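Some notes on the structure that comes next.
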Amino acid sequence: MNYLVTGAHGQLGNELKLLLGDKAIYAGSHELDITDERAVAAFFQTCPFDFVINCAAYTAVDKAEDDPKLADRINRLGPTLLARYGKHIIQISTDYVFDGTAHLPYKEDDAVNPLSVYGSTKLAGENAVLAEAQTAVVIRTAWLYSSFGANFVKTMRRLGAERDSLGVIVDQIGTPTYAADLACAIVAMLPQIKPGVRDVYHYTNEGVASWYDFATVIMHESGLSCTVRPLETGEYPTRAVRPAYSVLNKAKIRRDFGIAIPHWMDGLKRCLNALNG
């Protein structure tokens with residue numbers, strides 16, 4: 001099969017490239033503006049694909065509050081056009097479609113209620129691909145990191161080497177997710193997706209953590225002596241509201257695709273090994 005990976009220069013796009021190699025074409029924003037309908041239509045007319053894996057997204061959560069039009073173009077319009085002209089698509093979405101008031105892991109059919117522009121535009125992208133595509137699989141994920149790009153793991157390692165201590169949020173709960181593990185799951189799913197299906201799945205690594213927990217383990221596993229202090233959300237105000245609890249239930253993706261999901265600490269250790277060369 002022939003695949004197109006959009007958002008190809010980001011964390012997940014780079015991980016997919018390692019797995020798919022020459023089975024896919026990889027397009028970043030310079031190769032394809034997914035918000036330009038003429039460009040998208042011409043691209044697919046020239047190069048038809050069996051499946052699009054859309055990793056492109058506006059992910060600057062706080063900046064999105066001040067630039068909702070751009071966030072909407074990338075997170076809603078772009079997926080709409082890819083679904084319309086590509087016809088068969090995997091759309092990567094986010095835990096931010098939920099409001100974080102739950103006390104049990106969110107299932108795919110639980111009520112959505114995004115608290116931010118980022119979450120709202122990503123939800124609009126989900127709805128668009130489910131409406132436009134012939135085959136559409138939405139995968140919600142959370143707290144993504146990788147050896148590629150900028151992310152929480154790299155930031156903590158840099159700050160941990162520079163400082164004796166730092167504060168990290170303790171009252172936002174979710175699951176760190178190694179992008180390489182998500183990429184493996186996507187590659188395992190591709191040959192199993194039935195034509196014409198339109199469905200939503202959750203994928204993160206297993207386990208539960210706060211950002212404080214995550215940072216503490218990063219420091220320990222990196223051999224850094226930086227002390228991590230717990231901060232409450234109110235002590236570190238941000239432009240966008242984050243869900244306080246966004247653990248995702250993965251039973252559906254395990255059942256439908258037979259995917260084994262590693263624990264987040266296992267994923268972190270493998271990422272740190274990659275970073276350490």
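The values are calculated or read from the model by the stated rules, or taken from the named source; none is laboratory data. Everything numeric in this text was worked out from a predicted model, so none of it was measured. Here the Cβ positions follow ideal geometry from the backbone for every residue, glycine too, while neighbour counts run over all protein chains shown. The protein model used for the area step is the full one, side chains on, heavy atoms only, and it has no ligands, DNA or RNA in it. Shrake-Rupley method; radii C 1.70, N 1.55, O 1.52, S 1.80 Å.
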Scope the range 139-183; condition among the aromatic types (F, W, Y) and surrounded by fewer than 24 Cβ atoms within 10 Å (Cβ to Cβ); matching residues: W143, F148, F152
Exclusive hit being among the basic types (K, R), open to solvent by 40 Å² or more (accessible area, probe 1.4 Å), in contact (Cβ under 8 Å) with a residue 12 or more places away in the chain and more than 20 Å from R158 (Cβ to Cβ), set R255, R198: R198
Any hit, the range 228-244, residues being exposed (fewer than 15 other Cβ atoms within 10 Å of the Cβ) and aromatic (F, W, Y): yes
Count of the range 49-77 residues which are touching a residue at least 60 places away in the same chain (Cβ under 8 Å) and part of a helix (DSSP H, G or I): 4
Matching residues in the range 258-277 - criterion: being of a type in the set (D, E) and free of Cβ contacts under 8 Å to residues at least 40 places away in the same chain: none
Selection status of E108, surrounded by fewer than 22 Cβ atoms within 10 Å (Cβ to Cβ) and farther than 20 Å from P176 by Cα: no
Tally of residues being charged (D, E, K, R) and either in contact with a His (Cβ under 8 Å, 6 or more places away or on another chain) or within 22 Å of L231 (Cβ to Cβ) (or both) across the range 196-214: 2
Residue, most open to solvent (accessible area, probe 1.4 Å), within the range 1-48, restricted to residues that are more than 22 Å from L70 (Cβ to Cβ), assigned to a helix (DSSP H, G or I) and in contact (Cβ under 8 Å) with a residue 60 or more places away in the chain: L18
Positions within the range 201-216 being open to solvent by less than 30 Å² (accessible area, probe 1.4 Å) and among the hydrophobic types (A, V, I, L, M, F, W, C), in sequence order: A209, F214, A215
Sole exception among (1) free of Cβ contacts under 8 Å to residues at least 60 places away in the same chain; (2) more than 20 Å from the chain's Cα centre (by Cα); (3) open to solvent by 60 Å² or more (accessible area, probe 1.4 Å) for T101, by number: (1)
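So that you can scan it fast, the table gives a plain yes or no per residue for (1) assigned to a strand (DSSP E or B); (2) buried (at least 17 other Cβ atoms within 10 Å of the Cβ); (3) of a type in the set (K, R); (4) touching a His at 6+ places or on another chain (Cβ under 6 Å):
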residue: R84; (1), (2), (3), (4): no, yes, yes, no
residue: Y96; (1), (2), (3), (4): no, yes, no, no
residue: A185; (1), (2), (3), (4): no, yes, no, no
residue: K194; (1), (2), (3), (4): no, no, yes, no
Filter result (β-branched (V, I, T) and part of a strand (DSSP E or B)) within the range 144-183: V168, I169, I173, T177
Subset of the range 263-277 [open to solvent by 20 Å² or more (accessible area, probe 1.4 Å) and out of contact with any strand residue (DSSP E or B) (no Cβ under 7 Å at 6 or more places or on another chain)]: M265, D266, K269, N273, A274, L275, N276, G277
Residues of the range 98-123 classified as part of a loop (DSSP other than H, G, I, E, B) and out of contact with any helix residue (DSSP H, G or I) (no Cβ under 7 Å at 6 or more places or on another chain), total: 14
Some residue of the range 125-135 being among the acidic types (D, E) and open to solvent by less than 10 Å² (accessible area, probe 1.4 Å): yes
From V168, V200, residue being under 16 Å from V217 (Cβ atoms) and in contact with a Lys or Arg (Cβ under 8 Å, 6 or more places away or on another chain): V168
